[in-house]
Amino acid sequence: MKKTIFGLALACMFLFVGCSDENKAKSIVTQFLEDNLNEDFSSSRVLKFDSTKYISKDQIANMQKLMGEDKVFKKSISYQPYNGKKLYYVRLQYKQKANKGKEKTIQTFYIDNEYKGVVAFKNN
């Protein structure tokens, strides 16, 4: 019985920590969008939160270049420097107010391993 209670408590702790990281990541991405979108947005929802080690510096540079050309975003997007380590990513769905919230935008945002900011992002 004690093992069952301990196991359940441990599972709850990991679930809480995971949700905390996801909320931190969503907060970083929301602030990034507020700072860099040329229009307002609403109704953001996390579709996926995870980590990866399989993104190269070239891929990051390519994503930054492509998204810098997107007219929906400001021309001078400020990114967190990539340190070559694990990245967290958030696939976020949101509605842009300019199109009256009819069309949903889905993008993946890569966040540095210290949760300091967005390193790159892409359209899905």
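With each pseudo-label sitting 7 Å past Cα toward Cβ, what's the Ser78-Thr30 distance in nm, one decimal?
Modelled inter-label distance: 2.0 nm.
Hey, rough spin-label estimate for Ser43 and Gln93, points 7 angstrom out along Cα→Cβ, what's it come to in nanometres?
Going from the Ser43 label point to the Gln93 one covers 1.0 nm.
So what is the accessible area of the stretch 14-124 per residue, in Å², with the probe set to 1.4 Å?
61 Å²
Set the bar at 23 Å for Cα to Cα. Now go through Lys26/Lys86; Lys53/Lys104; Lys24/Lys75; Lys26/Lys74; Lys24/Lys71 and name every pair that lies beyond it.
In this structure, Lys53/Lys104; Lys24/Lys75; Lys24/Lys71 exceed 23 Å between Cα atoms.
Rounded to the nearest 10 Å², what accessible area does Arg91 have for a 1.4 Å probe in the complete protein model?
Rounded to the nearest 10, that gives 70 Å².
Could you order Val119, Val72 by accessible surface area, starting with the largest, using a probe radius of 1.4 Å?
Ranking Val119, Val72 by accessible area, largest first, yields Val72, Val119.
Using a 1.4 Å probe, how large is the accessible area of Phe49, given in Å² and rounded to the nearest 10?
Approximately 50 Å² for this residue.
Given a 1.4 angstrom probe, I'd like the percentage of the accessible area of the stretch 51-120 that is carbon and sulfur, rounded to a whole number.
Answer for the stretch 51-120 is 47 percent, counting heavy atoms of protein chains only.
May I ask for the net charge around Phe49, where only other residues with Cβ less than 14 Å from the Cβ of Phe49 are counted and Lys, Arg are +1 while Asp, Glu are -1?
Neighbour charge sum, excluding Phe49 itself: +3.
The values are calculated or read from the model by the stated rules, or taken from the named source; none is laboratory data. In this text the structure is predicted, and so the values were computed from the model without any measurement. Positions of Cβ are backbone-derived with ideal geometry, glycine not excepted, and every protein chain shown enters the neighbour counts. The accessibility values were calculated without ligands, DNA or RNA, using every heavy atom of the protein model including side chains. Shrake-Rupley method; radii C 1.70, N 1.55, O 1.52, S 1.80 Å.
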